[in-house]
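Quick notes on the structure that follows.
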Amino acid sequence: MMRFTRTCGVLAAAMSLLSLEVAQAQSQRPALAGGRPVQASPQQAVPLVQPRATVFQPDLSAVQLRPDQADMLRRVLGDAYTHGFDVRTFSPEQAVTQAQLINLTLAYARAVRSGRLPVDKFMNEWGLRPAPYDPTIDFINAVQQDRLGPWLDTLPPPYTGYQTLRGGLATYRDIAAKGGWQLVAAGPDLKEGATGARVVALEARLAAEDPTIAVDAAPIFDAALTQAVQRAQKRFGLNPNGIVNKATLDALNTPVERRIDQIVANMERWRWLPQTLPAERIQVNVAAAILSVFSHDTPTLTMRAVTGRPGDETPMLSSMIHSIVLNPPWNVPSSIASKELWPKERKSPGYLRRNDFIVIPTGDGGSRLQQKAGPLAALGKLKFDFANPYGVYLHDTPSRARFDSFSRLASHGCVRLQKPTELAKALLEGDATWTPEKIDATLASGDTVRAKLPQQIAVFLLYWTAYVTPDGQVNFRQDPYGWDRELVQRIAAL
């Protein structure tokens, strides 16, 4: 079994703590089944599209519900809105007959298990696709075996991340029912020492989400308010400097209805995951630009990442990392070559040569660009390979400055890593050939070598813009690709 070493990094303490909290929020232990944690093989691969099995459909007309079973179904359907559904969608009041109640229950089961969006309505970049689920046989067995309650409990995603968002949804719906929060008027940056009506409005706004704030309506920005602003900035993934600048003001002025949509969209994406996650895995939160390594379903190594900028989105997907390329050359995608590199060469002749690019004939009369391995290589010294239809991977980078930024969506779609060498040594730990010394020596030599992992590890590229940290607070990130809004709109159009 692989063993990973916790590392702390050398960047700002506030961001290190934030990264750890993000990782902890994504440590999604499956719910208990039979009193034991559900475990998955570390070699479990999750296909991008799972085949639909042909299932014999029994006759539902033969099912007879006892009164207590019918009451149970009505209670569960009555609580369906707590899972992010519209209150009317599964309202038991629309089921007059037993047949209608059963059909409504089956529709709910499908929606809460594998989501509402048909696979043909997915965007291409949404490479995580839920396995289809036909609840008919499970429902009949549950009724006949008097296990209806336990079966209903297994339907929602069995993860802490989902259940805590469900609680967060209730909190934000309650805020909305009370009128939401008032906007803080635009104006100069607010910081400690400021006075006036905007300070009073700021305190009231922060208190809407932060129950620890004692509202006194004093028109002065004091140390306690600075700390409250810093807590909010951490929840939004912003620089926690305690200054209400434009980015902080925009986050505070996001309507509560938009936050509810984010929670609902993220709950829906939880339904796209398999029922169990490999206990040994790598997760990248694309929206937060954080990579976490999990061992025994516990985060053991976290690092900042750089993910795709809007327009060059990093897709959602799952795969298996099978090998690491040390000192990799970069085979430049034709789109990047034509849009970026050849124009630079025309503007400044010799640009390609100065940056270690070579032109390679393709054999069909054409050519392609490759950047040689070395200090200028865009892939840095390490590349982590996994099969996927998008041609993306994890890799090192010679450009380190972006990791110090709180905004790290800047790549062409691949994921750049803050600590690639630490990740490589963790994944190759225990390999008789690829000792830490061998890795260091090979990297120093400049030779291009592919190291096969002794044990493949699952990798998940996910898009979490709302999640709950261990302190119980819902954290939000920007929706950089607009996927939250797009998902909510596509569901509403069904």
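General observations
- Residue ID - farthest from Tyr463 (Cα to Cα), chosen from residues in the stretch 96-132 that are open to solvent by less than 50 Å² (accessible area, probe 1.4 Å) and of a type in the set (Val, Ile, Thr): Ile102
- Exactly one residue out of Arg368, Arg408, Arg402 is open to solvent by 20 Å² or more (accessible area, probe 1.4 Å), of a type outside the set (S, T, N, Q) and within 29 Å of Pro240 (Cβ to Cβ), and it is Arg402.
This table checks each residue for (1) open to solvent by 50 Å² or more (accessible area, probe 1.4 Å); (2) under 24 Å from Lys372 (Cα atoms); (3) touching a Lys or Arg at 6+ places or on another chain (Cβ under 7 Å).
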{"site": "Leu428", "(1), (2), (3)": "no, no, no"}
{"site": "Pro436", "(1), (2), (3)": "yes, no, yes"}
{"site": "Asp440", "(1), (2), (3)": "yes, yes, no"}
{"site": "Ser445", "(1), (2), (3)": "yes, yes, no"}
{"site": "Ala458", "(1), (2), (3)": "no, no, yes"}
{"site": "Leu462", "(1), (2), (3)": "no, no, no"}
{"site": "Tyr467", "(1), (2), (3)": "no, no, no"}
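- Out of Gly242, Gly193, Gly179, one residue alone is closer than 30 Å to Phe85 by Cα, without any contact (Cβ under 8 Å) to a residue 60 or more places away in the chain and not charged (D, E, K, R). It is Gly179.
- Looking across the stretch 453-494, the residues that are in contact (Cβ under 8 Å) with a residue 40 or more places away in the chain and within 30 Å of Pro436 (Cβ to Cβ) come down to Leu453, Gln455, Gln456, Ile457, Ala458, Val459, Phe460, Leu461, Leu462.
- Residue within the stretch 340-357 that is over 30 Å from Gln455 (Cβ atoms), free of Cβ contacts under 8 Å to residues at least 40 places away in the same chain, within 31 Å of the chain's Cα centre (by Cα) and surrounded by fewer than 16 Cβ atoms within 10 Å (Cβ to Cβ) present: yes
- Residues in the stretch 75-88 that are surrounded by fewer than 16 Cβ atoms within 10 Å (Cβ to Cβ) and within 19 Å of Leu152 (Cβ to Cβ): Arg75, Gly78, Asp79, Thr82, Val87.
- Cβ pairs under 9 Å, 6+ apart, first in the stretch 417-443 and among the aromatic types (Phe, Trp, Tyr), second part of a loop (DSSP other than H, G, I, E, B): Trp434/Leu428
- The set of residues in the stretch 199-222 being in contact (Cβ under 8 Å) with a residue 40 or more places away in the chain and in contact with a strand residue (DSSP E or B) (Cβ under 7 Å, 6 or more places away or on another chain) consists of Leu202 alone.
- Selected residue (criterion: least open to solvent (accessible area, probe 1.4 Å)) from residues of the stretch 133-176 that are assigned to a loop (DSSP other than H, G, I, E, B) and more than 17 Å from Thr276 (Cβ to Cβ): Pro135
- For the stretch 358-389, residues that are of a type in the set (A, V, I, L, M, F, W, C) and touching a residue at least 24 places away in the same chain (Cβ under 8 Å) total 9.
- Restricting the search to strands (runs of 3 or more DSSP E) fully inside the stretch 355-394 and requiring at least 2 residues that are within 16 Å of Ser323 (Cβ to Cβ) gives 382-386.
- Every pair of residues 6+ apart whose Cβ atoms lie under 6 Å, when the first sits in the stretch 90-105 and is polar (S, T, N, Q) while the second is buried (at least 16 other Cβ atoms within 10 Å of the Cβ): Gln98/Leu65; Thr105/Leu73
The values are calculated or read from the model by the stated rules, or taken from the named source; none is laboratory data. The shown structure was predicted, so the numbers you read here are calculated from the model rather than taken from an experiment. Positions of Cβ are backbone-derived with ideal geometry, glycine not excepted, and every protein chain shown enters the neighbour counts. The area values use the complete protein model at the heavy-atom level, side chains included, leaving out ligands, DNA and RNA. Shrake-Rupley method; radii C 1.70, N 1.55, O 1.52, S 1.80 Å.
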